[in-house]
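Each remark here refers to the structure printed beneath this line.
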Amino acid sequence: MRRLRIVAVAVFVAACRTRSVSDQPAGHYGLGQAAAAAEIASRDIDVGPDGAGLPPGRGSASQGAAIFATKCAVCHGERGEGRPPMYPALIGRDPRAEQFVFGQQAGLTRTIGNYWPNATTVFDYVRRAMPQPAPGSLTNDEVYALTAYLLAANQVIAADATLDSASLARVRMPYASRFVRDDRHGGREIR
């Protein structure tokens, strides 16, 4: 059995070699291929806290409510209350609460309305990671609509709001000033 495994590994390695060792750059194992510019561009979709990278599109909170009901509620609940332990609550903010007590009270439920520092992060995360069964399948208009719905449901923006790249970049989250900006630039000091 051991001899069979060794032969199988040797055959696999031989099959993966497409060029001679002298043709390969240092550190290259002869597997895969260089990514094409279009492939890189299709994955380069991150959005910064300031809104840099937001794509064209627009969506309203009412459109987002309908999308949430069909594509999100099965995991996050009909009212965004979550389904622990897998699916977190998304909606839940008391606009009268002026205290930010997450540092003093462990175990508090963190939602978009009471904890996230940047509205653009909501867009970025939904666009890249949701819905869980098919991440990246939403159109930009659907993501703007869902973001508008989530922000409106958390009483961050008006219930009848419509978002696009310019208006989303202007949204200020209720507790944004309570977060410390990560100004690390990498290197040896970062471990």
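Derivation of every value follows stated rules applied to the coordinates shown; laboratory data play no part. Treat the numbers as computed from the prediction; the structure is a model and nothing was measured. So basically every Cβ, Gly included, is an ideal-geometry build from the backbone, and we count neighbours across all protein chains shown.
Descriptive notes on the structure:
- Label-point gap, in nm, between GLN132 and SER62 - each point 7 angstrom along Cα→Cβ: 3.1
- When you restrict to C-alpha pairs under 8 Å that are six or more residues apart and normalise by the size of the stretch 43-133, the relative contact order lands at 30 percent.
- Sorting 35-46, 173-184 by average packing, meaning the other beta carbons within 10 Å per residue, from highest down gives 173-184, 35-46.
- Charge sum, other residues only, whose C-beta stays under 12 Å from ASP164's C-beta, Lys/Arg counted +1 and Asp/Glu -1: +1
- Rough spin-label spacing in nm, given labels placed 7 Å along Cα→Cβ, for ALA41 and HIS185: 3.1
- Label zone (ALA158, point 7 Å along Cα-to-C-beta; backbone nitrogen cut-off 20 Å) within the stretch 38-69: 58-66.
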